[in-house]
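What follows is a set of notes on a single structure, which appears directly below.
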Amino acid sequence: MLKIEDLHVEVDGKPILKGINLEIEAGQVHAIMGPNGSGKSTLAYVLAGKDGYEVTKGRVLYKGQDLLEMAPELRAAEGLFLGFQYPVAIPGVSNIYFLKAAVNAIRKHRGEDPLDAIDFMKLSKEKAALVQLPDELTKRSVNDGFSGGEKKRNEIFQMAMLEPSLAVLDETDSGLDIDALKVVAEGVNALRGPDRAMLVITHYQRLLDHIVPDVVHVLIDGQIVRTGDKGLAMQLEKEGYAGVRNALQP
Amino acid sequence: MTNTNRQTLLGSLPTSFDKGPDWLRALRGRAAETLREHGLPTKRTEAWRFTPVRSVVDAEFSREEEGVPSLASPLPDGVTARSLRDVLRSEPELLDGRLDLGGAPTHFAALNTALFDDGLWIDVPAGNVVEAPIELALAITKSAGRGVVYSRVLVTVGDDAELTLVETYAGEEGGQLTNSVVEVDLGCNAKMSHVRVHENAGFQVGRVDVRQAADSAYRSTVVTLGGALLRFDVRCLLQGKGAECQLDGAYLIDGDDHVDHHTVVEHQASHCRSEQTYRGIASGKGTAVFDGIVIVHRGAQKTEAHQENRNLLLSDMATIHTKPHLEIDADDVICSHGATVGSLDQDQLFYLRTRGIPEPLANAMLTYAFLESIVDRVIHEPTRARMREALLTRIPHAEDIRGVT
Ligand SMILES: Nc1ncnc2c1ncn2[C@@H]1O[C@H](COP(=O)(O)OP(=O)(O)O)[C@@H](O)[C@H]1O
Ligand SMILES: [Mg+2]
């Protein structure tokens with residue numbers, strides 16, 4: 001599904017990612033853990049196609065295509081989804097109308113007919129219920145005046161509507177209380193399936209109690225320093241990143 | 001009837017005024033005097049610095065007699081709409097002191113005062129709350145030559161009365177010049193919502209002068225879509241304690257348009273509130289100007305005044321001038337002002353695109369939303385719908401939005 005090979009990325013001439021290798025297969029959930037500033041969001045942004053991130057070396061294959069050559073909307077249309085760590089507010093653009101544009105743009109790319117208003121409303125009601133997003137929020141401007149938790153739920157709501165093949169979730173857990181975390185995790189788990197893959201970026205282990213990963217990577221200073229199973233997350237929880245870092249010292 | 005004699009605007013001023021009541025002759029005389037002394041504005045006139053009126057000042061026009069806006073809606077009960085010419089003939093005393101509400105006129109307003117022939121007086125008597133909007137339309141049709149139209153409207157809203165007025169000024173592109181003056185007199189606790197739309201207005205110089213008594217509320221929403229040369233001033237005099245005004249505006253320009261909005265809010269009494277939000281989009285080779293001033297007079301304590309102008313510059317060839325400013329002569333006030341000129345927010349754009357929305361549509365959605373937030377305040381539903389539709393037609397790629405709303 002996704003193959004990252006020796007990926008080097010600079011921002012403003014400063015190296016941030018320093019040779020990432022990562023392969024995710026359909027049906028898998030991978031987790032990336034790492035301290036603040038290690039480059040987790042940078043990786044997520046590069047995968048989604050944000051401007052300002054210069055790939056100086058390496059490549060990324062998504063479903064066999066050169067991902068880095070594709071415009072962000074094409075990546076989305078091909079089934080890539082990014083759940084933002086800090087979703088931006090867009091006053092004046094209603095959530096529901098924006099999502100309809102998104103759903104239908106993606107359907108068009110797939111050669112499908114647009115959803116009519118009634119089918120769309122039915123789908124959005126069902127998916128909003130999944131993440132317990134109040135009806136009122138679906139009608140408001142995108143993320144405008146949303147609390148931190150509401151924004152994260154809105155991300156998962158959008159993901160559920162767009163049914164991506166590869167979801168990259170950037171710290172979807174941060175700022176959530178335990179109940180909200182469970183709701184979000186349920187939304188994510190509902191989407192798991194043999195044809196889908198996920199890359200769950202998190203700072204804390206607790207999300208991984210609810211979204212159990214197949215593979216865990218530890219990202220420090222732009223490099224993946226450890227890869228293991230979910231036991232690695234437990235170890236990190238006990239020893240902290242310092243412990244992992246120390247263990248790496250020769 | 002069209003007078004085929006063509007003259008410059010100043011050249012058309014008579015040397016004496018011999019029709020109408022004494023006070024009107026004196027008023028017109030003073031206006032003419034001011035004009036003879038100071039002339040029409042030039043580039044060096046501060047408030048007209050960015051308004052290229054020279055082509056208008058130097059040109060010769062024939063006088064058109066179609067300056068009376070027509071009523072485009074039934075007249076609600078309790079409201080009268082009379083011809084200014086008729087009233088000036090039959091009961092001139094009713095208008096004494098009401099045709100110079102904004103003080104001594106200068107420049108184009110002085111020209112209008114000296115030369116208007118007829119106009120409309122809309123009156124809502126005290127205590128009359130009029131729900132149905134009154135719609136006025138002034139459509140300038142192209143005449144053979146280059147014509148000038150003087151349009152004059154007086155609106156009086158009595159104590160505790162309420163009115164919604166919707167004005168539409170549309171014109172064919174061409175050399176026509178419309179010089180319009182609307183005067184509004186709001187009694188104590190009177191309320192007025194005033195929607196004003198300019199669509200491809202050609203050459204237009206217009207102003208609205210509002211005089212507000214205590215606890216009155218005036219709310220203006222101006223939407224300007226294109227214009228070869230449009231200069232539009234709104235001036236509110238908050239004379240009575242507790243008066244409020246809310247001035248909102250949206251402008252969208254393209255091609256060689258020049259659109260120029262000025263506001264003046266004078267806080268003359270205490271406990272008044274004013275709020276202004278103007279937003280504009282400039283593309284093509286157009287120029288848009290916003291100049292707003294809030295003057296807080298001495299003794300106008302507990303004033304609250306806010307002013308904001310935000311602009312989107314969508315082309316390298318377009319120009320935006322913005323100048324919100326404050327003059328404060330009282331100490332117990334809350335005032336704010338700000339202006340921005342920028343392009344679309346890249347983070348918002350990226351967010352939309354990561355959801356699969358193609359870049360042109362994402363651009364259109366954000367551009368539309370930027371102005372729609374003002375158009376949304378147009379209180380008259382049919383006009384609001386028409387303006388939304390016009391935005392969709394004028395914003396590049398916004399046609400695609402229609403498919404998803
Ligand atoms: N747009 C940017 N401009 C400058 N520096 C950036 C930018 N984005 C990220 N960085 C820097 O890159 C490093 C990694 O940041 P980030 O990917 O956000 O880390 P994480 O998500 O793991 O906390 C940090 O040192 C951060 O300061
Ligand atoms: Mg981050």
For residues that are in contact with an Asp or Glu (Cβ under 8 Å, 6 or more places away or on another chain) and open to solvent by 10 Å² or more (accessible area, probe 1.4 Å), scanning just segment A:163-208, find the one that is nearest to ligand 2 (Cβ to nearest atom).
-> A:His203
Taking only segment A:137-154 into account, find how many residues are more than 20 Å from A:Asp209 (Cα to Cα) and either within 16 Å of ligand 2 (Cβ to nearest atom) or not hydroxyl-bearing (Ser, Thr, Tyr) (or both).
-> 12
Please verify whether segment A:31-41 includes one or more residues that are open to solvent by less than 10 Å² (accessible area, probe 1.4 Å), assigned to a strand (DSSP E or B) and either over 27 Å from A:His210 (Cβ atoms) or out of contact with any strand residue (DSSP E or B) (no Cβ under 7 Å at 6 or more places or on another chain) (or both).
-> no
Consider A:Val46 against the criteria (1) open to solvent by less than 30 Å² (accessible area, probe 1.4 Å); (2) within 16 Å of ligand 1 (Cβ to nearest atom); (3) within 10 Å of chain B (Cβ to nearest Cβ); (4) touching a strand residue (DSSP E or B) at 6+ places or on another chain (Cβ under 7 Å): it satisfies all of them except one. Which criterion is unmet?
-> (3)
Of a type in the set (D, E, K, R), open to solvent by 40 Å² or more (accessible area, probe 1.4 Å) and assigned to a helix (DSSP H, G or I), is that true of A:Lys100?
-> no
Please tell me if A:Leu80 is within 13 Å of ligand 2 (Cβ to nearest atom), open to solvent by less than 30 Å² (accessible area, probe 1.4 Å) and out of contact with any Ser or Thr (no Cβ under 7 Å at 6 or more places or on another chain).
-> no
Sole residue being in contact with a helix residue (DSSP H, G or I) (Cβ under 6 Å, 6 or more places away or on another chain), among the polar types (S, T, N, Q) and touching a residue at least 24 places away in the same chain (Cβ under 8 Å), chosen from A:Gln223, A:Gln158, A:Gln205 = A:Gln205
Determine if segment A:89-97 includes at least one residue that is of a type outside the set (S, T, N, Q) and within 15 Å of ligand 1 (Cβ to nearest atom).
-> no
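Can you tell which of A:Asp51, A:Asp119 is over 22 Å from B:Arg353 (Cα atoms), of a type outside the set (A, V, I, L, M, F, W, C) and within 14 Å of another protein chain (Cβ to nearest Cβ)?
A:Asp119
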By residue number, the members of segment B:354-392 that are in a helix (DSSP H, G or I), open to solvent by less than 40 Å² (accessible area, probe 1.4 Å) and free of Cβ contacts under 8 Å to residues at least 60 places away in the same chain are B:Thr354, B:Leu361, B:Ala362, B:Ala364, B:Met365, B:Leu366, B:Tyr368, B:Ala369, B:Glu372, B:Leu392
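Using the structure shown, decide if A:Asp12 is within 14 Å of chain B (Cβ to nearest Cβ), over 22 Å from A:Met198 (Cβ atoms) and either within 16 Å of ligand 2 (Cβ to nearest atom) or not hydroxyl-bearing (Ser, Thr, Tyr) (or both). Walk me through how you get there before you give the answer.
Numbers: within 14 Å of chain B (Cβ to nearest Cβ): no; over 22 Å from A:Met198 (Cβ atoms): yes; either within 16 Å of ligand 2 (Cβ to nearest atom) or not hydroxyl-bearing (Ser, Thr, Tyr) (or both): yes.
No.
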In segment A:103-139, anything within 20 Å of A:Gln85 (Cα to Cα) and surrounded by fewer than 18 Cβ atoms within 10 Å (Cβ to Cβ) is listed as A:Gln132
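Conditions tested, residue by residue: (1) farther than 30 Å from A:Gly83 by Cα; (2) within 13 Å of another protein chain (Cβ to nearest Cβ).
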site: B:Gln348; (1), (2): no, yes
site: B:Arg355; (1), (2): no, yes
site: B:Glu359; (1), (2): no, yes
site: B:Ala362; (1), (2): no, yes
site: B:Ile374; (1), (2): yes, yes
site: B:Arg377; (1), (2): yes, yes
site: B:His380; (1), (2): yes, no
site: B:Leu391; (1), (2): yes, yes
site: B:Arg394; (1), (2): yes, no
Please work out which one of (1) modelled with pLDDT of 90 or more; (2) within 9 Å of chain B (Cβ to nearest Cβ) is the condition A:Lys152 fails and give its number.
-> (2)
Could you grab me the full set of residues in segment A:51-97 that are in a strand (DSSP E or B), hydroxyl-bearing (Ser, Thr, Tyr) and within 16 Å of the chain's Cα centre (by Cα)?
-> A:Tyr62
Checked against (1) within 16 Å of ligand 1 (Cβ to nearest atom); (2) not in a strand (DSSP E or B), A:Gly19 satisfies every condition except (2)
Open to solvent by 50 Å² or more (accessible area, probe 1.4 Å) and not acidic (Asp, Glu), is that true of A:Ile156?
-> no
Taking segment B:301-329, which residues are among the aliphatic types (A, V, I, L, M), within 30 Å of B:His271 (Cβ to Cβ) and free of Cβ contacts under 8 Å to residues at least 40 places away in the same chain?
-> B:Leu326, B:Ile328
Residues of segment B:183-204 being at pLDDT 95 or above, within 23 Å of B:Leu111 (Cβ to Cβ) and open to solvent by 10 Å² or more (accessible area, probe 1.4 Å), in sequence order, are B:Asp185
Sole residue being more than 16 Å from ligand 1 (Cβ to nearest atom) and under 30 Å from A:Met234 (Cα atoms), chosen from A:Glu5, A:Glu73 | A:Glu5
Restricting segment A:29-41 to residues that are more than 14 Å from every other protein chain (Cβ to nearest Cβ) and within 6 Å of ligand 1 (Cβ to nearest atom), which is nearest to A:Tyr241 (Cα to Cα)?
-> A:Gly34
Which residues, counting only those in segment B:259-276, are of a type in the set (A, V, I, L, M, F, W, C) and open to solvent by less than 20 Å² (accessible area, probe 1.4 Å)?
-> B:Val259, B:Val265, B:Ala269, B:Cys272
Inside segment B:321-351, the number of residues satisfying the requirement of being closer than 29 Å to B:Leu238 by Cα and of a type in the set (A, V, I, L, M, F, W, C) is 7
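The values are calculated or read from the model by the stated rules, or taken from the named source; none is laboratory data. From a predicted model like this one, the values you see are computed outputs, not experimental measurements. Glycine also receives a Cβ, built like all others from the backbone with ideal geometry; neighbour counts cover every protein chain displayed. Keep in mind that these areas ignore ligands, DNA and RNA; they rest on the heavy atoms of the full protein, side chains included. Shrake-Rupley method; radii C 1.70, N 1.55, O 1.52, S 1.80 Å.
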